[in-house]
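Undergrad: Handing you this structure, nothing more for now.
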Amino acid sequence: MGRCLLLLLLVLSSQVDFLQALQCFQCQRVNASGVCQTGASVCQAEGYQQCFLRKVYKDDTLSYGYQGCSSVCYSMTMFNKDVSLEEKCCSDSSFCNKF
Ligand SMILES: *[C@@H]1O[C@H](CO)[C@@H](O)[C@H](O)[C@H]1NC(C)=O
C-alpha cells in the first residue's frame with residue numbers, strides 16, 4: 001500500500017512539473033507578416049499564467065501584434081471605431097500562442 005501511494009505521488013508530481021513547464025513565445029512587436037521585430041524571447045508561464053497572443057487590426061487589416069505570458073488574459077475581440085483588438089489565451093501546450 002505504501003508503494004502504491006508513492007507511485008501515485010510520483011505520477012502527480014510529474015504532472016505538476018509538466019504544467020509548470022508551459023512556455024510561450026514572447027515578443028513586443030510582431031509585424032503583419034508574423035515576424036517578431038523587437039524583443040523576441042521565450043517566457044515561462046508561472047502559477048496561473050497563460051500564453052497570450054494579441055493582434056491589432058486597423059481597418060480590417062492586421063497591423064501588428066504581441067505575445068507573452070500573462071495571468072490576466074481573456075479570449076475576446078474588442079472593437080473601437082476602425083481599430084480592433086483580438087486577444088487569445090491558451091495553456092494547452094507550450095508555444096500555443098504562435099502568431
Ligand atoms: C515584417 O518584417 C519582415 C522582416 O523584417 C519583412 O521582410 C516584412 O516585409 C515585414 N512585413 C510587413 C508587413 O511589414
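Each reported figure results from applying straightforward, stated rules to the coordinates on display, with no laboratory input. The structure displayed is predicted, hence computed values, not measured ones.
Undergrad: Would you kindly derive the ³J(HN,Hα) couplings of the stretch 86-96 from the backbone phi angles with the Karplus curve 6.51 cos²θ - 1.76 cosθ + 1.60 (θ = phi - 60°), listing them in order in whole Hz, with x for Gly and Pro?
TA: Going residue by residue, I get 10, 10, 10, 10, 8, 8, 6, 7, 5, 6, 6 Hz, with x marking Gly and Pro.
Undergrad: In terms of Cα to Cα distance under 17 Å, which lysines are near enough to LYS88, apart from those fewer than 8 places away along the same chain?
TA: LYS55, LYS98
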